[in-house]
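Report on one structure; see the data block that follows.
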C-alpha cells in the first residue's frame, strides 16, 4: 500500500526512532508499504519517520540511479544490486574518509535540492528484514543515501546539514512547506473534534 509521505513541519520527522526489538508481521507490512511508497515517489531511500512511524527502519534502492555506488562485504567488492532493495533495521554507522559535497533531495522537502557534505564512505551494521545481522561498507550514492536515511531515524533533516548560506537561500521554500504542513495538521485536528 502506498503511504502518504510526511512533509517538513510534521513533528514526527524530528523524533528519534524507537529500536525494533522484534520483526513482527506489522513490521514486515510496513517494510513492504515503505518500499512501494519509495518506488511510487521515485526516491532512492525512505525512513519510517517519513511515513509517520518513529522507528529505526529505512529502505533504500539505488539500482536505477545514474550516480555510482560501491559496496564491500567482508572486504570484497560486491555488486550493489546483490543487496537491493536494502532494508536496514536499527542501523549503526561508522562514517569514513573525507567530507564530499553532493546533491541531495528529500521526499519530505518536495522540489528542494542542495549540495550536502557527507563522509565519502560508511561502514554499516544493521538487521535485515529477516532479523539477520548484516554488515558492509559502501561509497558513492549508496553511502550518501545510507547517511541521509539514518539521519532521519535520529530526527536529523538534510536542512540541518546545509551550510548557512544554502540554508538561508532555501529558507523561503522550506518555510512554505512547513507552513502548509502545519496548516494541514491543524485542519485535520479540527475535523476530528
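Relative to the dominant Cα principal axis of the chain, helix 140-153 is inclined by about 50°. Computing semi-axes √(5λ) of the Cα gyration tensor in Å for the structure here picks out one of (1) 27, 22, 14; (2) 36, 20, 15; (3) 34, 20, 14, namely (1). Once the chain from residue 65 to residue 92 is taken as fully extended at 0.36 nm per residue, the excess over their C-alpha distance is 7.3 nm.
Compared with the dominant principal axis of the Cα atoms in the chain, helix 25-40 is inclined by about 80°. Adding -39500 (n - 2.57) for every DSSP H run of four residues or longer, then dividing by how many residues the chain holds, sets the calculated 222 nm ellipticity at -10500 deg cm²/dmol. Taking the longest Cα principal axis of the chain as reference, the axis of helix 164-192 is set at about 60 degrees. With the highest mean first, a sort of the peptides 44-57, 147-160, 75-88, 108-121 on other beta-carbon atoms found within 10 angstrom per residue produces 44-57, 147-160, 108-121, 75-88. I'd like the FRET efficiency for residue 188 and residue 22, computed as 1/(1 + (r/R0)^6) with the beta carbon distance as r and R0 of 22 Å, rounded to 0.05. With a Förster radius of 22 Å, E is 0.10.
Compute the relative contact order of the chain as a whole-number percentage, counting only Cα pairs closer than 8 Å that sit 6 or more residues apart in sequence. Contact order relative to length: 26 percent. Between the alpha-carbon centres of the range 92-135 and the range 31-65 there is a gap of 13 Å.
Taken together, the values in this text are just the output of simple stated rules run on the coordinates, not laboratory data. For clarity, every value in this text was computed on a predicted model and none was experimentally measured. Reconstructed Cβ throughout: ideal geometry from the backbone, glycine too, with neighbour counts over all protein chains shown.
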